[in-house]
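Asker: Submitted below is the structure of interest, expressed as structure tokens.
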Amino acid sequence: MCFIHYFRGNRPVFLQSLDFLAGRCPSSDACLHDVKLVEKLLTKTRFCIQFCELNIITVGIVSFILSAWPLWFKCTIYEFIMFGLPWSLFFGISSLFTYSAYSWNLIYFYILCSYLRYRIREINELVMRWTTKTFQRIQYQHQQRQRQQPKQRTTKIMSISIIHIDFIRRQFDHIGHDIEQFSSKYFDKILFFLIALVATFINVVLYTSIFMPIDLTVRLSLLYSVLLAIIVIFFLLNTASSVYEESLKSIKVLNRFNISQLGRLNAYCAYEVCSLFGFLI
């Protein structure tokens, strides 16, 4: 699928949102403005790329050794050179490219989910600042009234208008549109085939490592690969659920924001805040 998209000149849609990681555009073009979150995402991306590149080479070498090791002891030198060595090279190269396709898609999926999670977190932090500022000003005015100092200048309560509510709605709407676009045009197919192939790999390799008469070193290596494949599935599920978990925090943040503005919003703004809960759910 990746080769078909490449030869057709179809660039993956999600890469347009990650151009700022390569320095092609500022992070503000990707709707991410918080410097700390951008730095955190850059650090994660750098580590993931280095980890993936190292593992790809390691998988190729280990696959070649696992294939050539038993053939070296079971075949003559002539048979090993004529048949065993070419097969081991082919197996090592095919394992390298297969693992490369899986791992890069996993890395892209992880980076993209982190990017979406940080966008939601940035909005949550903005709303939390609005909420905290409002509570502080309300408390300050309450203290001034208790001290009966009407002549002293009081701080004006932050006025929340339809512009603020519309800004929150547009941000969440953009994130929802991006998630739907990334999923429908690429990752729903990739993740389906990835999980199906990994599950098939687990079944075949687990049966081979337990019931087939093979060398102890190969058996332990196969069991280790099964463990890694299981970790991959849990990694996918945990990464996908992290975006949903972050969106659930938005409900709590908006609820606190709504409480802070209780009695200070006009009817239309209050309706817009309440409708955001239904949008997030």
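Asker: Once the principal axes of the Cα atoms of the range 197-248 are found, what is the range along each, listed largest first in whole angstroms?
Answerer: 50, 18, 12
Asker: If I take R0 = 35 Å and measure r between the Cβ atoms of Arg129 and Cys52 in this structure, what FRET efficiency does the formula 1/(1 + (r/R0)^6) give, to the nearest 0.05?
Answerer: 0.45
Asker: A follow-up question, please. Using the basic label-point model (7 angstrom from Cα toward the beta carbon), what is the His177 to Phe90 distance in nanometres?
Answerer: 5.0 nm
Asker: Please give every one of the aspartates and glutamates within straight-line cross-link reach of Lys252, meaning a C-alpha to C-alpha distance under 20 Å, and leave out same-chain neighbours fewer than 8 residues apart.
Answerer: The qualifying aspartates and glutamates are Glu122, Glu125, Asp166, Asp173, Glu272.
Asker: Aspartates and glutamates within cross-link reach of Lys74: Cα-Cα under 14 Å, excluding same-chain residues under 8 positions apart?
Answerer: Hits, sequence-local ones excluded: Asp215.
Asker: Tell me, what does the Kirkwood hydrodynamic radius of the range 48-113 come to in angstroms if you use every pair of distinct C-alpha atoms?
Answerer: About 12.9 Å for the range 48-113.
Just so you know, all these numbers are worked out from the coordinates, no wet-lab data involved. In this text, all values refer to a predicted model and were calculated from it rather than measured experimentally. Neighbour counts are summed over all protein chains in view; Cβ atoms, including those assigned to glycine, are modelled from backbone coordinates with ideal geometry.
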